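Heads up: the structure comes next, in structure tokens.
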Amino acid sequence: MSETPATPLLDSVEYPSDLRKLRPDQLRQLADELRAEMISAVGSTGGHLGSGLGVVELTVALHYVFNTPEDRLVWDVGHQAYPHKIITGRRSRIRTLRQGGGLSGFTKRSESEYDPFGTAHSSTSISAALGFAIANKLNGNPGKGIAVIGDGAMSAGMAYEAMNNAEAAGNRLVVILNDNDMSIAPPVGGLSGYLARLVSSGQFLGLRELARKFARKLPAPLHKAARKTDEYARGMAMGGTLFEELGFYYVGPIDGHDLHQLVPVLENVRDAAEGPILVHVVTQKGKGYAPAEQAADKYHGVQKFDVITGEQKKSAGGPPAYQNVFGETLAKLAESDKRICAITAAMPSGTGVDKFAQAHPERAFDVGIAEQHAVTFAAGLAAQGMRPFAAIYSTFLQRAFDQVVHDVAIQNLPVRFAIDRAGLVGADGCTHAGSFDITYLATLPNMVVMSPADEAELVHMTYTAAEYDAGPIAFRYPRGNGVGVPLPETPELLEIGKGRIVKQGGKIALLSLGTRLAEAMKAADALEAKGLSTTVADLRFAKPLDTELIEKLMRTHEVVVTIEEGAIGGLGAHVLTHASDTGLTDAGLKIRTKRLPDIFQDHDDPAKQYDEAGLNAPHIVDTVLKALRHNSTGVEEARA
Ligand SMILES: Cc1ncc(C[n+]2csc(CCOP(=O)(O)OP(=O)(O)O)c2C)c(N)n1
């Protein structure tokens with residue numbers, strides 16, 4: 001006899017208040033439906049999959065037990081929050097994830113009151129949750145601050161800064177350590193070893209025993225749970241000395257997929273009179289979806305995929321990704337140069353450092369999510385005569401700005417910064433956009449800042465950086481694939497601070513930095529078609545500026561337009577400052593800057609983002625035409 005299928009539960013759960021009406025024995029079914037819904041949604045949108053699958057039960061249990069949104073739940077990084085979005089009023093929009101106008105791939109305050117804090121850069125959750133907890137304490141509000149932080153994110157210093165400071169929050173602060181023994185890549189360092197020892201220590205205690213041991217620390221509630229059953233406490237052990245030394249009550253490790261364990265343990269934590277409490281939850285990245293469970297990266301981030309087979313939509317192929325051009329070039333250079341080292345902060349494949357590591361494992365360093373340390377570590381290597389490349393995404397290097405200034409630039413140490421994901425990044429949105437690096441680097445004395453126009457130029461710049469020992473040097477390049485130019489057999493040593501003329505014209509000069517060169521060339525063609533002779537220069541360097549070239553072009557052209565994929569304060573600002581300081585603007589020269597707009601651009605299709613930013617060829621043409629129509633007092637003259 002076949003069983004009658006259970007009535008679906010997820011349809012009745014729009015918000016956590018609906019979830020709390022369910023019986024504990026219904027939560028398993030709900031979790032299964034939630035997992036299936038998430039797989040189906042990400043199959044149609046692409047995005048982060050493995051991390052969300054690993055926290056389905058945790059999501060259900062947290063919202064079931066705690067009083068969200070009054071209790072402030074902060075998901076670290078936020079890439080695992082898709083199940084959370086589905087049961088906090090956003091199920092109807094879940095298939096818009098990461099698309100223009102759709103839901104963000106991370107938590108976002110403007111999206112929902114259940115997202116009390118925007119995340120995307122890792123390891124911020126404990127600090128933020130502590131802020132919520134203390135604010136509530138000061139204001140007499142009842143809510144707690146709850147941080148859910150991964151073992152990867154726990155490798156960053158900021159997490160410890162927060163824990164070190166957390167005691168004052170008492171039982172208002174709860175930290176859930178979501179230990180899936182994975183970062184994007186396998187986790188690195190002493191902490192991951194420590195957590196593994198806690199999990200495998202074998203000191204499993206029954207809940208009665210646990211309650212006795214904890215009685216003095218976590219009063220009454222554990223006794224209550226102990227009366228229910230011992231079962232769910234299997235795997236619950238004493239330990240966590242590190243966290244206890246930092247002032248936390250450590251509970252765990254517990255099985256993060258077993259709702260019979262999770263719910264009562266979290267109830268105890270909720271009702272505990274003392275704190276702060278850290279609950280060590282063991283989960284499996286990709287849980288419940290075979291293709292993800294079997295994948296080496298546990299399907300951390302995926303393209304759209306077929307739910308039945310797990311097969312991801314192939315990307316179009318074509319030219320190599322910039323990150324791989326960098327990684328392979330550096331690996332080749334390191335064959336004959338034993339001083340070259342490569343450092344990544346938990347992004348070996350994203351930065352191409354994996355390619356280097358395959359060839360030179362002893363000189364490749366994954367330091368975990370620790371950008372600040374990565375930079376100062378590189379500074380130490382450089383000070384000792386090595387040639388370190390710190391390969392860090394533009395957006396994550398922001399976190400290490402003081403290290404760049406204080407440890408590298410002031411000491412004029414030759415750290416090479418290979419800065420990936422510079423400029424707009426499409427579906428990941430403004431938290432991941434590399435908008436500011438030209439500004440924050442080119443403002444520093446001693447710093448050299450380059451940007452390749454294509455993948456062949458990236459090869460030259462990698463080589464130039466390797467050979468440059470006079471001080472710090474950075475090169476920034478975008479997400480995605482190159483433009484399809486052939487890669488050079490032998491890299492060229494570029495002259496520092498020298499650009500190149502790509503197209504010689506007369507009236508209009510387009511000064512491009514980076515990969516918008518292709519759009520500058522298209523714009524030049526369009527301008528030529530209108531009878532406007534146009535020069536295009538690829539400046540290669542934002543610092544030092546090729547002042548000789550720039551001055552010459554300014555003296556011989558009527559309109560000069562700078563083009564860069566970076567925020568205000570970058571190339572355009574440097575060119576304008578130079579022109580103004582040298583008096584070149586006095587004679588009525590028309591200078592315009594094309595750059596990213598002064599807004600945080602939302603996630604969208606890259607082409608649309610460039611349109612919004614005004615960085616495509618037609619926008620460049622418009623800018624030139626408008627400049628030509630302006631008279632010397634800045635007033636736009638009527639069209640002829
Ligand atoms: C400051 C910073 N550096 C790097 C990243 C890129 N990144 C996103 S998720 C992730 C791994 C996080 O691992 P973990 O915290 O264990 O979460 P899991 O994905 O395993 O659930 C990394 C390195 C980031 N978001 N922020």
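The values are calculated or read from the model by the stated rules, or taken from the named source; none is laboratory data. Just so it is clear, the structure is predicted and the values come from calculations on it, not from any experiment. Backbone-built Cβ (ideal geometry, glycine too); neighbour counts: all protein chains shown. What goes into the accessible areas is simple: the full protein's heavy atoms, side chains included, and nothing from ligands, DNA or RNA. Shrake-Rupley method; radii C 1.70, N 1.55, O 1.52, S 1.80 Å.
Per-residue SASA remark: residue 483, around 80 Å² accessible (1.4 Å probe; ligands, DNA and RNA not included).
Taking the Cα centroid of region 22-36 and of region 127-175, what is the distance between the two, rounded to the nearest whole Å? Centre-to-centre (Cα) distance: 29 Å.
Normalised by 2.2 N^0.38 Å, where N counts its residues, the alpha-carbon radius of gyration of region 10-297 equals 0.93. Residues whose amide H lies under 5 Å from that of residue 507, counting only those 5 or more places away or on a different chain, are 533, 534, 535; hydrogens are built 1.01 Å from N in the peptide plane.
Here the spin labels are modelled as points 7 Å beyond Cα on the Cα-Cβ line, and at residue 18 and residue 406 they lie 5.0 nm apart.
Only Cα pairs under 8 Å and at least 6 apart count here; give the relative contact order of region 500-629 as a rounded whole percent. For region 500-629, the relative contact order is 28 percent. Set the Cα radius of gyration of the chain against 2.2 N^0.38 Å, with N its number of residues, and you get 1.07. Look at the alpha carbon pairs under 8 Å that are at least 6 residues apart: their mean separation over the length of region 322-476 gives a relative contact order of 23 percent.
Remark on region 500-629: Rg and Dmax equal 13.8, 42 Å (Cα only). Beyond 25 Å between alpha-carbons counts as too far, so tell me which of 503/552; 108/304; 298/355 fall in that bin. The answer is none of them. Residues whose amide H lies under 5 Å from that of residue 630, counting only those 5 or more places away or on a different chain, are 637; hydrogens are built 1.01 Å from N in the peptide plane. Straight-line cross-link reach from residue 137 at under 17 Å between alpha-carbon atoms covers these aspartates and glutamates, not counting any fewer than eight positions away in the same chain: 70, 71, 167, 271, 274.
A viscosity of 0.890 mPa s and a temperature of 25 °C, combined with the Kirkwood radius over Cα pairs in Stokes-Einstein, give a translational diffusion coefficient for region 26-151 of 167 µm²/s.
The phi torsions of region 27-34, fed into the Karplus equation with coefficients 6.51, -1.76 and 1.60 and a -60° offset, translate into couplings of 5, 4, 5, 4, 4, 4, 5, 5 Hz, rounded to whole numbers, with Gly and Pro shown as x.
For a straight C-alpha distance cut-off of 19 angstrom, the aspartates and glutamates reachable from residue 498 (same-chain residues fewer than eight places away being disregarded) are 454, 455, 457, 467, 469, 538, 546, 548, 551, 564.
Here the contact order of the chain, divided by its residue count and restricted to Cα pairs under 8 Å and six or more residues apart, works out to 10 percent. As a fraction of the 1.4 Å probe accessible area of the chain, surface on carbon and sulfur atoms comes out at 52 percent. For region 322-476, the solvent-accessible area with a 1.4 angstrom probe is 29 square angstrom per residue.
Using a Förster distance of 60 angstrom, determine the FRET efficiency expected from the C-beta separation of residue 582 and residue 32, and round it to 0.05. Taking R0 as 60 Å, the efficiency between residue 582 and residue 32 is 0.30. Measuring between alpha carbons in the structure, every pair from 313/608; 543/594; 522/594 lies within 23 angstrom. If you sort 172, 35 by accessible surface, 1.4 Å probe, largest first, the order is 172, 35. Applying a DSSP loop filter and a limit of 14 other Cβ atoms within 10 Å to the GluC sites (Glu not before Pro) in region 64-118 leaves 70, 113. Seen from a random direction on average, the alpha-carbon convex hull of region 322-476 projects onto 7.8 square nanometres.
Scalar couplings 3J(HN,Hα) for region 412-422, obtained by applying the Karplus form with A = 6.51, B = -1.76, C = 1.60 to θ = phi - 60°, are 6, 8, x, 7, 9, 9, 9, 9, 8, 6, 7 Hz; x denotes Gly and Pro. The long axis of helix 322-336 is offset from the longest Cα principal axis of the chain by roughly 80 degrees.
Dividing the summed -39500 (n - 2.57) terms of all DSSP H runs of n ≥ 4 by the residue count of the chain sets its mean residue ellipticity at 222 nm at -10500 deg cm²/dmol. Heavy atoms of the protein chains alone define the surface here; on that basis region 47-162 has 27 Å² accessible area per residue at 1.4 Å probe size.
Under 5 Å from the amide H of residue 173 lie the amide H atoms of 145, 277, each residue being 5 or more positions distant or on a separate chain, with H modelled from the backbone and absent for Pro and chain starts.
For region 4-44, taking Cα atoms only, Rg and Dmax work out to 10.8, 32 Å respectively. Shown in residue order for region 261-270 are the 3J(HN,Hα) couplings computed by the Karplus curve 6.51 cos²θ - 1.76 cosθ + 1.60 at θ = phi - 60°: 8, 4, 5, x, 5, 5, 4, 4, 5, 4 Hz (x for Gly and Pro).
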